[in-house]
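Heads up: the structure comes next, in structure tokens.
FYI, it's all coordinate maths here, none of it is from the lab. All values reported here derive from a predicted model rather than from experimental measurement. Every residue, glycine as well, gets a Cβ built from its backbone with ideal geometry; the counts of neighbours run over all protein chains shown.
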Amino acid sequence: MRRDTKLQHLGEEVHHLGAVTPPIFQTSLFVHDTFDSLRGKLADSSAEKEHYVYSRVGNPNLTMVEKKLAMLEGTEDALVFGSGMAAISAAILHGVRAGDHVVCVDTAYGPTRSFLLEYLPGIGVETTMVVGVDPEEIFGAVRENTKLIYLESPSSVLFRIQDLAVVTGYARERGILTLIDNSNCSPIFQNPAAMGVDIVLHSATKYLAGHSDVVAGALCASREICRAIELREGQWLGARLAPFDAWLLLRGMRTLRLRVEEAQRVGKELFEFLRGRDEVAEIYYSGDPEHPQAGLIARQQRGHTSLVTIIPRSQEEEWVRAFLEKLDVFQMGVSWGGYESLAVPIFGKPMDWPDEKWAIRFYAGLEDIEDLKEDIDQAFAALR
Ligand SMILES: *Cc1c(COP(=O)(O)O)cnc(C)c1O
């Protein structure tokens, strides 16, 4: 069977009392008839994944999503968590001990950066930030005690790309674990494990769940890594997903391909509409044919999402405020990947810019693209 067929049915082969959609296993524990069964002494080790004792470690609703995610990412297994950050922090903590060093791309998701820069030093782990566009710069930051390279491609806000095959080839030779945040592309547009990445991370809150009604996260990796994280960081930090949230995620994932393909269509239109406007000084979009890394993007990705960032020509806070408040169809809010279009102001700079700037990141949802364009038009016009 092919990917789209598996996406609908994998992990849901048993129909409980004939129900076409799976029940929600709203239970904290699982009882067993025998001593050996409770203690996990299974005749067949392949049944390990569906041997349930306690929902902090495993639950059938989580397993259904995990099987589909592993299939989509082309990894042996997957684990879902209570948020993207729960998956990210569990994966990072799994890979480091006191005295270790991490190399991370500077344009990674904000809380990931601050976890590395503000939390990890407290447990004796140092991080070096890199721009990440040139592999040689990444290799130059690697030290003898580097245990982990953290990637995010395309990265948040500016959609910078890392050369995954080159970076993972280098890391593998030195026994360095590689992690990537693949939320932007979703597994439909990019599969980093095929390019050698050890742990693929997702904020499932975004495209995977897709309806702005659940916060969830996931990691996809080998069976060995997943099993180890399940029993260590999953168990001890205890941030696994709740059964109902896993059920919502499963429902959202049924339409994942349709939604990201639509996002690709409207994202391109939004980019073309904004490009060259008087109000726009700079524009960032992973599908920009003039993206400085367009060749690499074409090799690594099968598509582009509907996130477009502009640097407005006016750098007055008042202009940014008035523009965002004038928007009507685009709502003002963080996050993305749901049904609704969003715009969010961001003030800051990557490590290689001299000064901070105001940026506006647009996310085009499932509304009519003509309404989205008209909305931006009227907000620009009102400020002229
Ligand atoms: C939102 C986001 C996260 C964090 O995920 P949560 O589910 O909000 O914890 C991580 N990475 C990226 C790129 C994101 O956009």
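Order these by the 10 Å Cβ neighbour count, fewest first: 81, 25. Walk me through the intermediate numbers first.
On the way: 81 29, 25 19.
Listed from fewest to most nearby Cβ atoms, that is 25, 81.
Going out from 0 in 10 Å bins, what whole percent of all Cα-Cα distances in the stretch 3-253 drops into each bin?
That works out to 7, 32, 35, 19, 7, 1, in percent per bin.
In nm, to one decimal, how far is the residue 335 label point from the residue 32 one, both placed 7 Å along Cα→Cβ?
My value for the distance between the label points is 3.8 nm.
Only Cα pairs within less than 10 Å get springs; with that Gaussian network setup on the chain, which residue of 54, 285, 207 has the largest fluctuation?
The residue with the greatest mean-square fluctuation here is 54.
At q = 0.12, 0.16, 0.21 Å⁻¹, what is the log10 ratio I(q)/I(0) for the stretch 255-384, with the Debye formula run over Cα points and no solvent?
-0.45, -0.81, -1.34
Before rounding to the nearest 500, sum -39500 (n - 2.57) across all DSSP H runs of length at least 4 in the chain and divide by the residue total; then give [θ] at 222 nm in deg cm²/dmol.
Working: 14 runs with 131 residues, N = 384.
Computed mean residue ellipticity for the chain: -10000 deg cm²/dmol.
Counting alpha carbon pairs within less than 8 Å and at least 6 residues apart, what relative contact order, in whole percent, applies to the stretch 3-253?
Working: 464 pairs, mean separation 61.8, N = 251.
Averaging sequence separation for qualifying contacts and normalising by length gives 25 percent for the stretch 3-253.
By how many degrees, between 0 and 90 and to the nearest 10, does the Cα long axis of helix 84-95 differ from the longest principal axis of the chain?
So the helix axis and the longest Cα principal axis differ by about 60 degrees.
Within a 10 angstrom radius of the beta carbon, how do 284, 119, 150 rank from fewest other beta carbons to most? Could you put the intermediate results ahead of the total?
On the way: 284 19, 119 14, 150 27.
Lowest count first: 119, 284, 150.
Between residue 351 and residue 382, 0.36 nm times their residue separation minus their Cα-Cα distance comes to what?
Values: separation 31, 0.36 × 31 = 11.16 nm, distance 3.42 nm.
In short, 7.7 nm is gained.
What is the set of long-range amide H partners of residue 281 at a cut-off below 5 Å, with H atoms built 1.01 Å from backbone N?
Placed amide hydrogens put 311, 313 under 5 Å from residue 281.
Under a 10 Å cutoff between Cα atoms, tell me which one of 257, 56, 302 has the largest fluctuation in the Gaussian network model of the chain.
Per the Cα network of the chain with a 10 Å cutoff, 302 tops the list.
Determine the sum of side-chain charges near residue 226: Lys and Arg each +1, Asp and Glu each -1, restricted to other residues whose C-beta is under 15 angstrom from that of residue 226. Please report the intermediate quantities before stating the final value.
Numbers: positive: 49, 67, 68, 223, 227, 232, 240; negative: 48, 50, 66, 73, 76, 77, 198, 224, 230, 233.
Net of charged neighbours comes to -3.
Place a point 7 Å from the Cα of residue 313 along the Cα-to-Cβ direction; which residues of the stretch 265-303 have their backbone N under 18 Å from it?
Counting backbone N atoms under 18 Å from the label point, the list is 272-284.
Give me the dipole magnitude in Debye, nearest 20, for the stretch 294-384 about the Cα centre, with unit charges on the beta carbon: positive for Lys and Arg, negative for Asp and Glu.
Details: 10 positive and 16 negative charges, 106 e Å.
Here the size comes out at about 500 debye.
Rounded to the nearest 5, what is the percent of antiparallel bridges among the DSSP beta bridges in the stretch 3-253?
Details: 11 of 28 bridges.
Percent antiparallel among DSSP bridges in the stretch 3-253 is about 40.
Using modelled amide H (1.01 Å from N, peptide plane; none on Pro or chain starts), what sits under 5 Å from the amide H of residue 205, excluding residues fewer than 5 places away?
Amide H to amide H, under 5 Å and 5 or more residues apart or across chains, residue 205 pairs with 84, 216.
Take residue 277, project a point 7 Å from its Cα along the Cβ direction, then tell me which residues of the stretch 354-380 have their backbone nitrogen under 13 Å from it.
Residues 360-364, 370-380 qualify, since their backbone N sits under 13 Å from the label point.
Between residue 20 and residue 322, how many nm apart are label points set 7 Å from Cα along the C-beta direction?
So the two model labels end up 5.4 nm from each other.
Check which residues have an amide H placed less than 5 Å from residue 331's amide H, if you skip close sequence neighbours.
For residue 331, whose amide H was placed from the backbone, the distant partners under 5 Å are 341, 342, 343.
Most exposed first by the Cβ proxy, i.e. fewest other Cβ within 10 Å, how do 336, 358, 353, 247 rank?
Going from least to most buried by this count: 353, 358, 247, 336.
For the chain, modelled as a GNM with alpha-carbon contacts under 10 angstrom, which of 120, 250, 42 fluctuates the most?
Maximum fluctuation in the GNM of the chain, among the listed residues, is at 42.
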